[in-house]
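Here's the structure, in structure tokens; my notes come after.
Each reported figure results from applying straightforward, stated rules to the coordinates on display, with no laboratory input. Since we're looking at a predicted model, the values are computed, not measured. Virtual Cβ from ideal backbone geometry, glycine too; neighbours counted across all protein chains shown.
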Amino acid sequence: MNEETSLGSMPLFSWTEKTHHFEDGTHMLQLFSNICMVETSEGVALFDVGLPFHGDQIVKELREFTDNPVLYIIYGHGHADHAFGTEAILEDARERNHPRPKIVAHKNLPRRFDRYQRMLPYHERINRIQFGIPENIPAFPWNYIYPDEVFDDRLVIPLGEITLELHHARGETDDHVWMWIPERKTVCVSDLWVWSCPNVGNPFKVQRYALEWAEALEEIIALSPSLMLPGHGSPLEGSEKIHEACSTVARALRHLDDQVVDMLNQGMWQEEILHSFQWPEEFASSPYLAPIYGHPYFVVQALLRQYHGWYDGNPSHLFPAPSAEIASAVLELAGGAQRILKKAMEAEKNGEYKLALHLLDFALDGDTQHREDALRLKVSILEKLAEKERSLIARNIYLGGIREISKQLEQ
Ligand SMILES: [Zn+2]
């Protein structure tokens, strides 16, 4: 990957290490994901602790500016890039004869950790695709350090001259926490705000919550923070800017939520909704909603899953015939796979890549003779789609598809 995956107006995932220092003793270590370090006269609180291999770097950066003990580690949520650098921080405390930091999280986080451990091979597989991680690098954490204290809705922790107000909100996860420090007018939001269209409706992951995400951002706006430390990307300073950044994202989420609810009420089914929802220019051109990670289409998918079951309105799809059977019948009618391939090539030439892929799938599902030609054409179309795709997740799905097909072609 490039040094910075800078696809929108701001780098979302930065591989450039940078520590932001603020005058009041708040610091933010910007790595792939961000780590907030809150220094007080009594000790330090860390909010989010990154990926497993971030731990040593967190300790190194922290010890550049303070020898005080880390008293709290707060998990903003239980994702792999936010709650796994813990071991090195505990080790640092042991070496320094400091008390063991207390780990605090929302009460749903332990259940998430249980699920991850139960389904490790699955999470390895989907995260490898989502982030395009090479085969020789582990794609998911294996060492789980559970919280010492969990809370439900809200928890207030006095620390030296400041107060850490922890708030729960469902958003990207059901265990999400944002932290407000009133004395510093600072908010640490983890992935509730990340310089991208919110990652609601990730194609691989469990349910996420668009409306509650918007509500959390509105609660944050009401506090008028003057510093916002996001889960990824650069910090935001100035209450007006933060207001605009949060309200744009909240309005966009509400806009999509309202549309899906309206269209479901009107009797529309998934396919029609997915092809007809509106994403106004105001959002499409906003630097706060760039579809570089999450995507409005994914958000609509999540809303459909949240408000509706999986039936798509067509009884043919209730107990469908296998794709191979359908494809064989279509190929027979079309006069063979070669004719379908020809049609797919025409579609590709006309730039109708999505149509071309569907046509190719008939050839691939129903014919073994022209498999290699069809696979090669599919690779060439996926390459074109990947090249122009801005969403990291969508692009990696295309690239993952290309890798899979290439393996098949080598066999
Ligand atoms: Zn994250």
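Spatially, the stretch 290-327 and the stretch 98-113 are offset by 35 Å when compared through their Cα centroids. Peptide packing for 72-84, 161-173, 232-244 was compared via the average number of neighbouring C-beta atoms within 10 Å per residue; ordered from the highest value, the list is 72-84, 161-173, 232-244.
Once you divide the Cα radius of gyration of the stretch 321-410 by 2.2 N^0.38 Å, the number left is 1.08. Quote the FRET efficiency, to the nearest 0.05, computed for E219 versus E87 with a Förster distance R0 of 25 Å and r equal to the Cβ-Cβ distance. E(calc), rounded to 0.05, equals 0.15. Please compute the net charge surrounding F151, taking Lys and Arg as +1 and Asp and Glu as -1 over other residues with Cβ under 13 Å from its Cβ. After counting each charged neighbour, the total is -3. Under 5 Å from the amide H of I73 lie the amide H atoms of L46, K102, I103, V104, each residue being 5 or more positions distant or on a separate chain, with H modelled from the backbone and absent for Pro and chain starts.
For the chain, complete DSSP H runs whose alpha carbons reach 15 Å or more along their own long axis and whose mean Kyte-Doolittle score is -0.5 or higher are 210-222, 239-265, 296-307, 323-334, 353-366, 371-388, 392-410.
Among 276-284, 205-213, the peptide with the highest mean count of other Cβ atoms within 10 Å heads the list, and the full ranking is 205-213, 276-284. For K349, go through the aspartates and glutamates and keep the ones whose alpha-carbon is under 15 Å away, minus same-chain ones fewer than eight residues off. Once the sequence-local aspartates and glutamates are set aside, what remains near K349 is E383.
All other residues whose Cβ lies under 9 angstrom from that of G313 are scored, Lys and Arg at +1 and Asp and Glu at -1, for a net of -3.
Overall, the anisotropy analysis places the stretch 238-294 in the prolate class: the square-rooted eigenvalues a ≥ b ≥ c of its C-alpha gyration tensor yield a/c not less than 1.5, with a/b exceeding b/c. Our note on the geometry: Cα centres of the stretch 328-387 and the stretch 13-75, 51 Å apart. Taking the square roots of 5 times each eigenvalue of the Cα gyration tensor of the chain, largest first, gives ellipsoid semi-axes of 43, 24, 19 Å. Charged neighbours of L341, selected by a Cβ distance under 14 Å, balance to 0 (K, R count +1; D, E count -1).
Dividing the summed -39500 (n - 2.57) terms of all DSSP H runs of n ≥ 4 by the residue count of the chain sets its mean residue ellipticity at 222 nm at -14000 deg cm²/dmol. The alpha carbon convex hull volume per residue for the stretch 65-124 rounds to 102 Å³. Taking 27 Å as the limit for the C-alpha separation, the pairs K354/K407; K342/K388; K241/K388; K60/K102 exceed it in the case of K241/K388.
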